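To start, the structure itself, in structure tokens.
The values are calculated or read from the model by the stated rules, or taken from the named source; none is laboratory data. Please read all numbers here as calculations on a predicted model, not as lab measurements. Here the Cβ positions follow ideal geometry from the backbone for every residue, glycine too, while neighbour counts run over all protein chains shown.
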């Protein structure tokens, strides 16, 4: 096993090579090999390789149903729409990201004093990362946003709640059996 200076697992030797790990912006380990297999327990003393259920589901394209919204002031709304439109353009040559960016929608006409941007799509873990990255890009505009997004795993067991308050995104992972 290979560790970085902080003690995080960054790689492990397997019979057919080395599986490398990176950390996403939330600090979670992500595989760097093309297989997208997250092996949490790679080799036991018996020499067998164990793959937990989460790793198996990742290889089988585990999906989340995501729905939620962002709230913005009418004066900030055009900047946010412009950013989402630019991100859609940026991802045009990437099939999955282009598809997931289509989940954003909004009304062109204001209804009273708050503007809303909605998101809804069935996405993989990559789509969740893209959602967080999009919210981060919007927060970089220095506009005041708040919002709520709910992601429910296809088996109903994994729930992720994203809250945006005062331009800060928080993530809470919950299991159908209680907090994760």
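Would you say residue 128 is in the same structural domain as residue 72 (by TED's automatic domain parsing) and at pLDDT 95 or above? Judged against the criteria, residue 128 is a match. Scoring residue 123 on the criteria (1) out of contact with any helix residue (DSSP H, G or I) (no Cβ under 6 Å at 6 or more places or on another chain); (2) within 17 Å of residue 67 (Cβ to Cβ) leaves a single failure, condition (1). If you check 129, 83 for being surrounded by 15 or more Cβ atoms within 10 Å (Cβ to Cβ), in contact (Cβ under 8 Å) with a residue 40 or more places away in the chain and closer than 28 Å to residue 61 by Cα, only one passes: 129. All of (1) at pLDDT 95 or above; (2) over 21 Å from residue 171 (Cα atoms) hold for residue 123 with one exception: (2).
Screening residue 120 against (1) in contact with a strand residue (DSSP E or B) (Cβ under 7 Å, 6 or more places away or on another chain); (2) within 16 Å of residue 84 (Cβ to Cβ); (3) surrounded by 19 or more Cβ atoms within 10 Å (Cβ to Cβ) leaves a single unmet condition, (3).
Looking at (1) modelled with pLDDT of 95 or more; (2) over 17 Å from the mean Cα position of the chain (by Cα), which one does residue 135 not meet, given that it meets all the others? Answer for residue 135: the failing condition is (2).
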